Amino acid sequence: MAENLLEVKGLKKYFPIKKGVFSKTVGNVKAVDDVSFTIKRGETLGLVGESGCGKTTTGRCILRLIEPTAGSVKFAGKEVTTMPMEELRIMRRKMQIIFQDPYSSLNPRITVGGMLTEILKVHKLRNSEAEMKDRVEELLKLVGLNPLHARRYPHEFSGGQRQRIGIARALSVEPEFIVCDEPVSALDVSIQSQVLTLLMDLQQQLHLTYLFIAHDLSVVKHISDRVAVMYLGEIVEVTDYTSLYADPKAPYTEALLSAVPIANPQAKRERIVLTGDVPSPANVPTGCYFHPRCPKVFGDCNSIHPTLTDDKQGHMVRCLLYPNSYPQSTQAKAA
């Protein structure tokens, strides 16, 4: 069994809501609310959910691009959340991110070669100009670009090529772990396939570990070993991709899967249409967060908040339809 490279436990990120002349805090936006998961070395964990559910905030809190409110993030056994900035700067060589928007994540005033060379200089990864030039050419070839493209500016590339540059930038410091923050959502479908194939090839070649963030379950299916489903700042289901697609447990996961298009026009599948809108993370419902929209809601759902527990081997679910999801205190009272 591979070791856990990343361990996230009880991660929270609350953004304060301030009002009045004195900016008094009157509430919190619970962007990430008690998220826990692990990623083994060499594994890809897909993190999926609707827009605004906290996926990107989770990824950025792990890298401390955003400071978490509470919780623990351990990378290779080292606690990241309390790490001094100088040590964190060294650690970030091993933890990188590929941003969602290839149009805004690149500096328009610097050539691609200049951008990659600057990274090599800052981290002192190469000594001479010749070594840096060779490394830049190597990185561009690695992501399927022509080494001559090093002289060009970002606006001279297509969207798919810009995302490849973003991947090259992440790889330039030789990381072990990469947060892929919806790296294909801004690309055409044909280009999405090319970039996903590139990411999988690089993972095998460079022994990388991914947290792959997406809102499209059909995309996650092709690249992930395990999938975690998020709703309103918390994880509602975690399992391997085969079990998730064949036997989803959480009603929210069932609704997401029913919305995935089927290639076969003759195939029939029940479409689960959720009522209402996603509640505001500044005012989450009591009990189960999903109960106002859940087609399987029952009495306890509006008063008891379920815990994320094992439904079967390796399959975690947060739903009161499964008795293990009742909090221990509630189970004790019932007994």
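The values are calculated or read from the model by the stated rules, or taken from the named source; none is laboratory data. This structure is a prediction, so every number in the text was calculated from the model and none was measured. All Cβ positions, even for glycine, are placed from backbone atoms using ideal geometry, and neighbour counts span all protein chains on display.
One table, with the values for the structure above:
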quantity: Of all residues making up segment 173-186, the number that are buried (at least 23 other Cβ atoms within 10 Å of the Cβ) and out of contact with any strand residue (DSSP E or B) (no Cβ under 6 Å at 6 or more places or on another chain); calculated: 1
quantity: Selected residue [closer than 30 Å to Leu321 by Cβ, within 17 Å of the chain's Cα centre (by Cα), assigned by TED's automatic domain parsing to the domain that holds Glu50 and not basic (Lys, Arg)] from Val195, Val184, Val179, Val220; calculated: Val220
quantity: Unique residue being surrounded by fewer than 23 Cβ atoms within 10 Å (Cβ to Cβ), within 26 Å of Lys40 (Cβ to Cβ) and in contact (Cβ under 8 Å) with a residue 12 or more places away in the chain when the list is Tyr241, Tyr252; calculated: Tyr241
quantity: Flag if Gly27 is surrounded by fewer than 22 Cβ atoms within 10 Å (Cβ to Cβ) and within 15 Å of the chain's Cα centre (by Cα); calculated: no
quantity: Some residue of segment 276-297 being over 24 Å from Tyr326 (Cα atoms), of a type in the set (Val, Ile, Thr) and either surrounded by 17 or more Cβ atoms within 10 Å (Cβ to Cβ) or not assigned by TED's automatic domain parsing to the domain that holds Pro16 (or both); calculated: no
quantity: The lone exception for Thr82 - which of (1) part of a loop (DSSP other than H, G, I, E, B); (2) over 17 Å from Ile235 (Cβ atoms); (3) in contact (Cβ under 8 Å) with a residue 12 or more places away in the chain it fails; calculated: (3)
quantity: Residues that are in contact (Cβ under 8 Å) with a residue 12 or more places away in the chain, more than 15 Å from Phe99 (Cβ to Cβ) and aliphatic (A, V, I, L, M), drawn from segment 144-167; calculated: Leu145, Ala150
quantity: Segment 149-167, residues that are under 19 Å from the mean Cα position of the chain (by Cα) and among the hydrophobic types (A, V, I, L, M, F, W, C); calculated: Ile167
quantity: Pairs, first assigned to a loop (DSSP other than H, G, I, E, B) in segment 44-69, second hydroxyl-bearing (Ser, Thr, Tyr), C-beta under 8 Å, six or more apart; calculated: Gly49/Tyr231; Glu50/Tyr231; Cys53/Tyr231; Arg64/Thr81; Ile66/Thr57; Pro68/Thr81; Thr69/Tyr14
quantity: Verdict on Phe212 being among the aromatic types (Phe, Trp, Tyr), under 20 Å from Leu47 (Cβ atoms) and touching a residue at least 60 places away in the same chain (Cβ under 8 Å); calculated: yes
quantity: Residue within segment 151-166 that is within 29 Å of Glu7 (Cα to Cα), touching a strand residue (DSSP E or B) at 6+ places or on another chain (Cβ under 9 Å) and outside the structural domain of Gly54 (by TED's automatic domain parsing) present; calculated: yes
quantity: Meets criteria (free of Cβ contacts under 8 Å to residues at least 12 places away in the same chain and in a helix (DSSP H, G or I)) for Glu137; calculated: no
